[in-house]
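The values are calculated or read from the model by the stated rules, or taken from the named source; none is laboratory data. A quick note: this is a predicted structure, and the numbers were derived from the prediction, not measured. Counting neighbours? That spans all protein chains shown, and the Cβs are built from the backbone with ideal geometry, glycine included.
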Amino acid sequence: MPGRQKQVSLPPQYQRLDLNDRRWFTTADAARYAAVSPQTIRAWIHSGDLRVVRIGGFRIDRADIDHLLESKKAKAGPYRRGTHPWVSERHAEAREKRAARGGR
């Protein structure tokens with residue numbers, strides 16, 4: 001059939017390895033490993049937050065990704081409206097302003 005491509009099997013040495021078995025990642029692999037977009041990885045690289053080696057494109061060490069993710073960890077408390085009195089007051093004020101402007 002025209003337009004149909006044949007499935008090609010790569011030799012084992014060229015098949016993609018599991019991400020947990022690799023030390024160096026491409027930008028796309030690093031994004032999958034960190035569960036972020038490739039644009040986020042590039043932004044971290046260009047801001048200097050993530051160190052890379054340039055060999056045919058960016059190569060990123062898994063340890064550097066782990067270190068960056070650890071440094072971005074923060075303790076986050078639960079967010080519930082009305083948890084603190086000032087929170088519910090602020091939301092009430094915002095609702096009043098929207099109602100005065102004719103919003104929802």
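Just a few scattered comments:
- Restricting the first member to the stretch 50-72 and to residues that are touching a residue at least 24 places away in the same chain (Cβ under 8 Å) and farther than 15 Å from Arg23 by Cα, and the second to residues that are assigned to a helix (DSSP H, G or I) and among the small types (Gly, Ala, Ser), the beta-carbon pairs closer than 7 Å and six or more apart or on different chains are Leu69/Ala34.
- Options Leu10, Leu68; residue that is modelled with pLDDT under 90 and either surrounded by fewer than 10 Cβ atoms within 10 Å (Cβ to Cβ) or on the phi < 0 side of the Ramachandran plot (or both): Leu10
- Residues that are surrounded by 14 or more Cβ atoms within 10 Å (Cβ to Cβ) and free of Cβ contacts under 8 Å to residues at least 12 places away in the same chain, drawn from the stretch 30-43: Ala31, Val36, Pro38, Thr40
- Members of the stretch 47-64 that are surrounded by 10 or more Cβ atoms within 10 Å (Cβ to Cβ) and not aliphatic (A, V, I, L, M): Asp49, Arg51, Gly57, Phe58, Arg59, Asp61, Arg62, Asp64
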